[in-house]
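The values are calculated or read from the model by the stated rules, or taken from the named source; none is laboratory data. In this text the structure is predicted, and so the values were computed from the model without any measurement. Please note: Cβ atoms are built from the backbone with ideal geometry, for glycine as well, and neighbour counts cover all protein chains shown.
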Amino acid sequence: MCYLVGYAVRPVVTFNPNWHKIFTTESLTMTCNMRSPIPADKSYTWYKDNNLIYTGQSFVIVNAALHNSGNYQCKGSNTDRSDSVRLEVSHGWLILQAPLYIHEGDDVTLRCHHYPGYPAGMTKFIKDNTVIRNWGSDSVFHITNISIDRSGKYTCKKEVSRGAPVYSEVSISVKELFRSPEVKVKPNRVLEGDHMTLTCDTSLSPHSQTDLQFAFCRDQLTLFTDPEIKVSQNPIEEGDNITLTCLTRPSLFISATEVEFAFQRNGQNIQEFGSSSKYGILFAKLEDSGFYICEVRRSANGLTKKSKEINVHIQELFSHPEIVMNPDFPREGNRVILTCNTSINTLRNDIELQFAFYQNKKNVQKFNSSHQYIIPLAQLEDSGNYSCEARTLYSGMKKISAVVSVVIQGTISTYLLIICSVTLLLLILAILGFLYMFRQRPSVNNQDPMTESYLLCCEAQIYASFGGRPRNVQ
């Protein structure tokens, strides 16, 4: 039989924004959090370097100064002081910011932050002297579902204020949420009729989102342990084949064939109960990311246990391509360059991409290593809707860009030629129309012979220029 006997409670200091280091002139709010089943404390006190500084649940630092650096604690009216947390205030060019608490399983963001008001360039991230992301425009680095082995010294470099790159470091220690519990008996020797106290002893790292519950069991037969879901690799990238495994240890008293497994993603069933403890994802896509759990069930009596959820994050191998045209407004006769831009996952420098280009959905350049399509001497017929497609050389993963409309504008000489040609044609048609009307007049025979001869000569010249046959001139 098992009995629920209590909660583990402690005050926890949190920062907003959640950075352990800030610049002078920036602001930060500290909050004393009491996650407790009993009514919340009504009074709070704050300490900096063991000196009382403030009364209230939240302590706000506005326009931070160097003297605000220090070790902070809070205390509720019915609790001891919280664990000490340190705030660093800097007046340098660059700081590498990390969250106040980092525990196994957290999604962690590191921010390479330069002093406000100054221009900055590219950023690079390094862990223990190994480049983990090369120079790029993104000043943040994300680590999903962090594990203890990701602890270490992290460094970022950034070009600030058009000068040489500067760097900042931070040491990250990923803590386990709590150590395995241990049952302790007091007193050590117990006789029948004595009072006895059992204590479930563990230590909990400060974490604002963690509650521990305790249960004591006596002579309880466990049919199988609580399941744990494991992923075959981490990190996971688009195109990878991954396997989720539901781990449990059945009791010796039941057969392994009595245990069934099921999997869910974001609360939806993706694999119904069956004998397989594995769920495979072939050629992983971004939409396969999500929160996964597994369930274990004994078929004989329907006893079911669920695992804790894990966050499976599929990293993008390369971004969707974008087609860029140069020049922006091409004219007839220009050299036009269409570029297929994409960015590759910085952790995978071994990826090779190929590119293809399409005009009005018709392939105009087959897959090759060039990410550009060049029109050496643009013509009006080169106008159309263009798109480009990128694919990996070996896995064959493809992504296609949005359509870009390319309009080749005619030159001034072309427009003048068209206008002159149309004008000349209209003039000739007008003259022919005039001659036709003149010939249809009934009094034409009464005209002066000289006038008629002149008109007939004009008519003959016009017809001759178009290859026609005029009437005889007398």
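Identify, please: which residue in the stretch 55-76 is touching a Ser or Thr at 6+ places or on another chain (Cβ under 8 Å) and surrounded by fewer than 16 Cβ atoms within 10 Å (Cβ to Cβ) and is, among those, nearest to Ser90 (Cα to Cα)? Before you say what the answer is, go through the steps one by one.
To start, the set of residues in the stretch 55-76 that are touching a Ser or Thr at 6+ places or on another chain (Cβ under 8 Å) comprises 55, 57-66, 71-76.
Next, from what is left, pick out any that are surrounded by fewer than 16 Cβ atoms within 10 Å (Cβ to Cβ): 55, 58, 60, 62-63, 65-66, 71.
On the way: Thr55: 26, Ser58: 22, Val60: 17, Val62: 14, Asn63: 12, Ala65: 8, Leu66: 7, Asn71: 15 Å.
Ranking the candidates gives Leu66 first.
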Checking the condition farther than 30 Å from Glu237 by Cβ, at pLDDT 75 or above and of a type in the set (S, T, N, Q), which residue from Asn363, Asn446, Asn385, Asn368 passes? Asn385
Quick one: Ser82 ticks every box in (1) among the hydroxyl-bearing types (Ser, Thr, Tyr); (2) surrounded by fewer than 17 Cβ atoms within 10 Å (Cβ to Cβ); (3) more than 22 Å from the chain's Cα centre (by Cα); (4) farther than 22 Å from Ser168 by Cβ except a single one, so which number is it? (2)
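Identify all residues within the stretch 387-405 that are part of a strand (DSSP E or B), among the polar types (S, T, N, Q) and in contact (Cβ under 8 Å) with a residue 24 or more places away in the chain; write none if there are none. Talk me through it step by step, then tell me what you get.
If we filter the stretch 387-405 for residues that are part of a strand (DSSP E or B), which is where we start, we get 387-392, 398-400, 404-405.
From the residues that got through so far, the ones that are among the polar types (S, T, N, Q) too are 387, 392, 405.
Ser387, Thr392, listed by residue number.
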Residues that are surrounded by fewer than 19 Cβ atoms within 10 Å (Cβ to Cβ), modelled with pLDDT under 95 and among the hydroxyl-bearing types (Ser, Thr, Tyr): does the stretch 93-105 have at least one? no
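Which one of Phe329, Phe283, Phe263 is more than 30 Å from Glu381 (Cα to Cα) and in a loop (DSSP other than H, G, I, E, B)? Please lay out each step first, then the result.
Details: Phe329 fails: more than 30 Å from Glu381 (Cα to Cα); Phe263 fails: in a loop (DSSP other than H, G, I, E, B).
That would be Phe283, the only listed residue that is more than 30 Å from Glu381 (Cα to Cα) and in a loop (DSSP other than H, G, I, E, B).
With modelled with pLDDT under 70 and either farther than 30 Å from Phe329 by Cα or surrounded by 12 or more Cβ atoms within 10 Å (Cβ to Cβ) (or both) as the only criterion, which of Tyr394, Tyr436, Tyr463 stands out? Break it down into steps so the answer makes sense when it comes.
Values: Tyr394 fails: modelled with pLDDT under 70; Tyr436 fails: modelled with pLDDT under 70.
Of Tyr394, Tyr436, Tyr463, the one residue that is modelled with pLDDT under 70 and either farther than 30 Å from Phe329 by Cα or surrounded by 12 or more Cβ atoms within 10 Å (Cβ to Cβ) (or both) is Tyr463.
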Would you mind stating whether Ser161 is of a type in the set (Gly, Ala, Ser), surrounded by 15 or more Cβ atoms within 10 Å (Cβ to Cβ) and at pLDDT below 85? no
Of everything in the stretch 237-259 that's of a type in the set (A, V, I, L, M, F, W, C) and at pLDDT 85 or above, which residue is farthest from Ile143 (Cα to Cα)? Val259
Filter the stretch 117-156 for residues that are loosely packed, with under 15 Cβ neighbours inside 10 Å and closer than 18 Å to Asn18 by Cβ; which is nearest to the chain's Cα centre (by Cα)? His142
Failed condition for Trp19, given (1) exposed (fewer than 14 other Cβ atoms within 10 Å of the Cβ); (2) modelled with pLDDT of 90 or more; (3) not β-branched (Val, Ile, Thr), with all others met? (1)
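Determine, yes or no, whether Ile270 is surrounded by 16 or more Cβ atoms within 10 Å (Cβ to Cβ), of a type in the set (A, V, I, L, M) and not assigned by TED's automatic domain parsing to the domain that holds Phe355. Spell out the reasoning first.
Numbers: surrounded by 16 or more Cβ atoms within 10 Å (Cβ to Cβ): no; of a type in the set (A, V, I, L, M): yes; not assigned by TED's automatic domain parsing to the domain that holds Phe355: yes.
It is false that Ile270 is surrounded by 16 or more Cβ atoms within 10 Å (Cβ to Cβ), of a type in the set (A, V, I, L, M) and not assigned by TED's automatic domain parsing to the domain that holds Phe355.
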Condition (residue is closer than 26 Å to Thr342 by Cβ, outside the structural domain of Ile310 (by TED's automatic domain parsing) and outside any loop (DSSP other than H, G, I, E, B)) applied to the stretch 142-154: is it met by at least one residue? yes
Per-region count, the stretch 314-336, residues under 25 Å from the mean Cα position of the chain (by Cα) and either buried (at least 18 other Cβ atoms within 10 Å of the Cβ) or at pLDDT below 90 (or both): 9
